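Colleague: The structure that follows is given in the form of structure tokens.
No lab work stands behind these numbers, since they all come straight from the coordinates. Note that the coordinates shown come from a computational prediction; the quantities given were computed from them, not determined experimentally. Positions of Cβ are generated from backbone atoms using ideal geometry, with glycine treated the same way; all protein chains shown enter the neighbour counts.
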Amino acid sequence: MLPPHIHPRATNFVVAVSGTTRTFMIAENGAPTIEQTLESGQMTIFPTASVHTMMNIGCENAQLISALSSDDAGTHNLANAFFSLPANITQTILGPQINLASTASYIPDVGTGSNVGPEQCLAACAAKGKMVKRTW
């Protein structure tokens with residue numbers, strides 16, 4: 001899974017080479033979430049500054065080619081940005097019942113790329129005898 005992020009200065013073209021990948025994109029506040037499943041040879045486009053994320057929904061490796069429309073596309077990971085705000089802001093948004101330090105510890109560092117996906121996916125692959133390595 002790639003964490004939700006934006007490219008503030010570029011459109012992102014993504015082509016599936018192998019595997020099965022589910023993509024999610026939100027163009028702006030109030031816009032519907034657009035979900036698409038990519039199989040080998042299919043592609044999707046994430047417009048400039050749109051929030052997007054991708055997840056391998058199979059138990060085999062998924063390979064994608066990503067091309068950006070700018071040499072200086074920039075990347076802004078949303079969870080990292082959110083948890084870099086002062087704690088009183090994040091705590092107010094999430095509510096007092098959330099342990100901020102514990103929750104923030106699950107967010108991968110910027111630049112680490114993909115991370116292991118949802119528990120139900122891990123369990124489904126484990127049931128098929130597929131090895132999954134956790135990153136946290």
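Colleague: To the nearest 500 deg cm²/dmol, what mean residue ellipticity at 222 nm is calculated for the chain from DSSP H runs of n ≥ 4 alone, each contributing -39,500 (n - 2.57), summed and divided by the residues?
Modeller: When only DSSP H runs of four or more count, the value is -5000 deg cm²/dmol.
Colleague: Give me the dipole magnitude in Debye, nearest 20, for the chain about the Cα centre, with unit charges on the beta carbon: positive for Lys and Arg, negative for Asp and Glu.
Modeller: Here the size comes out at about 360 debye.
Colleague: Hey, if you put +1 on the Cβ of every Lys and Arg and -1 on every Asp and Glu Cβ in segment 2-127, which of Val110, Val17, Ser40 ends up farthest toward the positive end of that dipole?
Modeller: Of Val110, Val17, Ser40, it is Val110.
Colleague: Run the lone-cysteine check on the chain: no other Cys C-beta under 4.7 Å from the residue's C-beta.
Modeller: That list is Cys121.
Colleague: Testing the spin-label approximation: label points 7 Å from Cα along Cα→Cβ at Gln63 and Leu94. State their distance in nm.
Modeller: In this crude spin-label approximation the distance works out to 3.7 nm.
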